[in-house]
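For reference, the structure is listed below as structure tokens.
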Amino acid sequence: MSLKLRDLIRQVRSCKTAAEERAVIAKESAMIRTAIKEEQEQYRHRNVAKLLFMHMLGYPTHFGQLECMKLIASPHFPEKRIGYLGMMLLLSEEADVLMLATNSLKNDLNSSNKFVAGLALCTIGNLATADMSRDLAPEVEKHLTSSQPYLRKKACLAFSRCILKCADMMEDYVDKFTTLLKDRSHGVLITVVQLMTQVLLLDAEKNGVGGASVCRSAFLKLVPSLVKLLRNLLSVGYSPDHDVGGISDPFLQVQILTLLRFLGTGNEKASEEMNDVLAQVATNTETSKNAGNAILYECVQTIMAIQSEEGLRVLAVNILGRFLLNRDNNIRYVALNTLSRCVVQAGVTDDGGPNSASSALQRHRTTIVDCLKDPDISIRQRALELIYHLVNNENVETLTAELLNYLVLCPREHRVDICTRVLRVVEKYSPDDRWRVDTLITMLTIAGRECNREVLNFAIVYISRANEELRTYATHKLLKAIRDDDGTQKGLLVVGIWCIGEYGDLILKDYNYVPPPSSNADNSNANEEPVHISFMALDPTTVVKTVEDVTKRHTCPEEVQELALTCFAKLNDRFATIADEQTVKKLNNLVKKHKGSHSLELQLRSCEYTALISVAKGNVAQEDVTGESTAQDVIAAAKEALSRMPVVDLAVIQRKQKLTGEYKDSDNASAVPGGKSVSSSNNKSNEAAEPNLLDLNDIFGAAPTPAPAAETSIKKPIAKQNGTTKTEKQPEPPKAQSDLDLLSDIFSAPAAPAPPVLPSDPFAANTLAATPANNLFAPTPTVVPTPTVPPPSPFLPDPITAPTTATPVTAPPKGPAVNRIKGFTKEGLDIDFECKKPDPFNKQKTIITVHFKNNTDDSLYGLNLQVAVPKYITMEMQPPTSTTIPITGVVGAKQVTQTIHVTNTMLGTKNLMMKVKLGFTSKGNKIEHLQTCSGFEAGKY
Amino acid sequence: MISFILMVNKQGQTRLSSYYQWMNMQERVALESEIIRKCLSRSELQCSFLEYRGFKVIYRRYASLFFIVGTVANPDAGPGAENNENELGLLEFIHTLVETMDKWAGSICELDIMYQLEQVHFILDEMVMNGHILETNRSNILRPLDLMDKESKKKEGMFGGR
């Protein structure tokens, strides 16, 4: 036989270990299950009570659910009572057995015994589902007018649950509340006020805040009653029934104030009606006890939220000030809480006047900042929250310094958040670039371990956007920080190594900086003498050594290793003429070191950079140079790849962020702001083109005579090549230019033959790796640009055996059928398609190289070629080698080409067909042309 | 609204738990142990509020027992709504709860709660319903409970007996 509850508790208490306890419970559970199976009715009540105990200890009790159902149907009150209690504690709202209870609940609701009905109401209030609410609401509603206050109060909250579950019912019962507000029982009053608050909240959710709905307007008429109720509470004097520390029912007062807040927000008339009573509460409430402070706290919130009188606001702000200076931590906590709530609430509407929340905030700035040093984390968190709202142009420097100080002491798990918040502050309020760069670097030295990708990206963007002098400063500072660091601040390493790679040549000189004395004379006087910043010149060996030391640590993350490789490759270029032979040699070795690495990325980078460096030095193998390109082209392109990255346009990145809405902190490179759209790999540029497809549809849709064959397929597979440069005369609809802008800025920087596409995430895994693949060697028309990023295709030479991966000039397989097809001529621009089968085993694939020939007597600008193909063809387009076409035939003029990869999935049955849209500017005239090209040999392409 | 009420002793053993928002067993066990750990790490002088996983927790210690109330933003106000619970008010409510229990048991101690678990739940059910405050007057809470106990013990009471 199973134990008595008392004995079970005793046994559990005497257990010395958790295992012992588990054994006792397991044994008892088994006994209870048996009892349930054998339908031992007399023990049911006791068993459920035991289950409640076991449930509290955290053991499974699901097998007892049905027992509860049986108990609530019992005519015996103690059994029914335990049954309902078991139901409320053991069952979730989703439990299937719950619907079995509906009938019992209905019976009990109609019971003449008030305790039975009370139990049913309580259960409905805690557990009712939408179905139950619909079925039982009429019964619950009957109890709202019961003669017993015991039932009326329970009915109010039960009804509030019903309304929550089926919101459509609420309008039918609004008029009931008027009478309930006149009730004499405080229990009924507090419940009906909460019920009304809930209805308003639901209403606001449905109709928008302040929306005029039936309920809201009905409740607004009740404001005078509520005011009267509150006033009565204030004036009633001592009432032993509801006295708490000398205050009459603080709980009810708080609830009424909350309700008044919801009613008065955005409603002038209601606000006016409650002004007086709020003033009374604010002035007359005793503040020596906690209960009084609870009321004041609520009252201040209400005053700040509604459209209250000026004098009242002064009162509220003063109370808040008093709270802030209170020695009791609880009071300070709620003061901080209220302030941030008020500031958020006020938001845009805050006029910044002397009595607004924000002015109160500024007045108590030092107190709030002091709270950051409080030993209590709850207070610190609240203060931190407030400080973000406090920052403005004037105090940004001091407050950021405080935030950084706090960053040092705060728990690790909060650092990510703080870093991001500091970044926002720095973005918005920085007085100058130097301060911004300085702050970000300091932050990285403190929390480089924790801060997320976004912070790193922006740090780099800001450094790269600064002037040469500041870059030097940043690089010096970062190098020093890296040296001092123990190698665990990953973020610092990432940013530092990137900067050293890019600007390594700048730190070989002495650096001196004297802040301009005139600009911020006040500051410098207040603090100390203008700080004279200087760094000693470094020699290349030291620089290399520093980075090498970082990579030598076995804790060094792979991402940093990868970046260090890029850094070495770049330094090799920077130091080529400056450093001594040994250092250069060392750099070469460092790059080569990972040729046999197990990590694909490291190996790939190592091989590619080695090849790149050797090409940049002029070692061009004969097989690399094919077709019309010259060795010089190849060398120039390699040098271009190793030179500095063009500056990223911040505005474009930010716009991009808004567009894609990606502010997610992710360590994934592709989720980095802007990284997705401008990454240079082929597939990514196609992705980025997608948002523009619709615009293109319009363009094509407006075409005068679309070829019938292409028309069917015109909607979808339009790939828009991303490399088009936007010129001022570009005939693009403005909407479509978000991507173009981004790239135009990048392209406008260098005037090299093949400008590398810049990924805005400077660390995108394929930064350099992919660049040569797509652009570097593009001037060679016969080149097959093989993507060098994984996964390796059969044509990707094994990086180990063929270290020249970086040169994607893999000789095309033997005997590729090259076929040149005449395209069309427009305004002196000849277009030819050169078709090639790259893969002898996959006939579906074709590489089409478009050759542009300028037969006019002036260069053509702003070349923009867009191609649409039918659905059965997949296509990838690369940017043209140049958007300017020089006059063909003139000495030195470069051939302009553009490569398109197509795969005809229905080869044999359907032919390759392309709809081409061509745009360019000739002698100042914009020219647009639309043409269907179907002259490809049937069955072959 | 109130999301849960816990009574946990200094050793971290839960003596009573009442949830007004469903949570499965693993979640409950984790939540209870985490919160008590946080409460224990705080000194007397520190404030009685802490923030934990979206809950605002208000706690008060009486002898060896912690009374803990967890609150969340009102679910009716839609997602992202702010938690408008009055922390000081709930602190006062905890005190009322303790006073009520004190009056009920003479002088309440941990063992009273343990051995009369269901009775304490009955008291709580008279005070809180669905996460909202139902009654704060001690006699209004205890009188019906007394009556129920008395009547159900009688053979021929208002419940008919057995």
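The values are calculated or read from the model by the stated rules, or taken from the named source; none is laboratory data. Please read these numbers as outputs of a predicted model, since none were measured by experiment. For neighbour counting, all protein chains shown are included, and Cβ atoms are generated from backbone atoms with ideal geometry for every residue, glycine included. Heads up: the accessible areas ignore ligands, DNA and RNA and are worked out on the full protein's heavy atoms, side chains in. Shrake-Rupley method; radii C 1.70, N 1.55, O 1.52, S 1.80 Å.
Could you pull out the pairs from A:K836/A:K926; A:K4/A:K114; A:K4/A:K106; A:K845/A:K917; A:K165/A:K289; A:K593/A:K837 whose alpha carbons sit more than 27 Å apart here?
Beyond 27 Å between Cα atoms: A:K836/A:K926; A:K4/A:K114; A:K4/A:K106; A:K165/A:K289; A:K593/A:K837.
Please list, in order along the stretch B:91-107, the HN-Hα scalar couplings obtained from phi with the Karplus expression 6.51 cos²θ - 1.76 cosθ + 1.60 (θ = phi - 60°), rounded to whole Hz, x for Gly and Pro.
Result, ordered by residue: 4, 5, 5, 4, 5, 4, 4, 5, 4, 4, 5, 4, 5, 5, 9, x, 9 Hz.
Would you mind checking the tilt of helix B:25-40 against the longest principal axis of the Cα atoms of chain B, expressed as 0 to 90 degrees and rounded to 10?
That helix lies at roughly 70 degrees to the long axis.
Expressed as a fraction of 2.2 N^0.38 Å, the rule-of-thumb size for a compact globular protein of N residues, what is the C-alpha radius of gyration of the stretch A:209-320?
Cα-based Rg divided by the globular estimate yields 1.04.
Could you please state how large a percent of the accessible area of the stretch A:365-448 is carbon and sulfur, counting protein chains only and using a 1.4 Å probe?
Solvent-exposed carbon and sulfur of the stretch A:365-448 make up 48 percent of the total.
Which whole number gives the average, over all residues in A:74-83, of C-beta atoms from other chains lying within 10 Å of the residue C-beta?
4
Let me know the Rg and Dmax you get for chain B when you use only its Cα atoms, in Å.
16.8, 54
For a protection proxy built on the mean count of beta-carbon atoms within 10 angstrom, sort A:125-138, A:257-270, B:51-64 highest first, please.
Descending mean neighbour count gives A:257-270, A:125-138, B:51-64.
So for the stretch A:401-460, averaging the separation of alpha carbon pairs under 8 Å that are six or more residues apart and normalising by length, what relative contact order in percent results?
Relative contact order comes out at 45 percent.
How large a share of the accessible area of the stretch A:1-146, in percent, is made up of carbon and sulfur atoms when the probe is 1.4 Å and the other protein chains stay in place?
About 52 percent, which is the carbon plus sulfur part of the accessible surface.
Averaged over peptide A:85-95, how many Cβ atoms belonging to another chain are found within 10 Å of each residue's Cβ?
3
Short version: which residues of the stretch A:217-257 lose at least 50 Å² of accessible area, all chains versus chain alone, 1.4 Å probe?
Buried-area filter returns A:F251.
What shape does the stretch A:1-147 have by the C-alpha gyration tensor, where a ≥ b ≥ c are the square roots of the eigenvalues, rounded means a/c under 1.5, and otherwise prolate means a/b greater than b/c and oblate the rest?
prolate
Counting only protein heavy atoms and rolling a 1.4 Å probe, how much accessible area do A and B lose on contact, total for both sides, in Å² to 100?
Protein heavy atoms only, the A-B interface buries about 6300 Å².
So what J values fall out for the stretch A:142-156 if you push phi through Karplus, 6.51 cos²θ - 1.76 cosθ + 1.60 with θ = phi - 60°, rounded to Hz, Gly and Pro as x?
Residue by residue, the stretch A:142-156 yields 4, 6, 4, 10, 4, 7, 9, x, 4, 7, 4, 5, 5, 5, 4 Hz.
Among B:116-127, A:577-588, how do they line up by average Cβ neighbours within 10 Å per residue, starting with the highest?
B:116-127, A:577-588
Using only the Cα atoms of the stretch A:809-941, what are the Rg and Dmax in Å?
15.3, 47
Compute accessible area for the stretch A:171-195 by itself and then with all protein chains, 1.4 Å probe, and report residues whose area falls by 20 Å² or more.
Checking the loss per residue gives A:G187, A:I190, A:Q194.
Taking H as built 1.01 Å from N, whose amide H comes closer than 5 Å to the amide H of A:N392, not counting residues under 5 places away?
none
Tell me the per residue accessible area of the stretch A:159-202 using a 1.4 Å probe; a whole number in Å² is fine.
Dividing the accessible area of the stretch A:159-202 by its residue count gives 32 Å².
Taking each residue in B:40-51, count the Cβ atoms of any other chain within 10 Å of its Cβ, then average. What number comes out?
5
Principal axis extents for the stretch A:862-921, Cα atoms only, whole Å, descending order, please.
Result, largest extent first: 45, 20, 15 Å.
Counting only heavy atoms of protein chains, what accessible area per residue, in Å², does the stretch B:59-140 have with a probe of 1.4 Å?
30 Å²
Could you give me the ³J(HN,Hα) list for the stretch B:53-67, computed from phi with Karplus coefficients 6.51, -1.76, 1.60 and θ = phi - 60°, whole Hz, x at Gly and Pro?
6, x, 8, 9, 9, 10, 9, 8, 10, 10, 6, 9, 10, 9, 9
Give the shape of the stretch A:817-871 as rounded, prolate or oblate, defined through the alpha-carbon gyration tensor: a ≥ b ≥ c are the square roots of its eigenvalues, a/c under 1.5 means rounded, and otherwise the shape is prolate if a/b is larger than b/c and oblate if not.
Note, shape of the stretch A:817-871 comes out prolate.
When the accessible area of chain B is computed with all protein chains present and a 1.4 Å probe, what percentage of it is carbon and sulfur?
Of all accessible area on chain B, carbon and sulfur atoms account for 49 percent.
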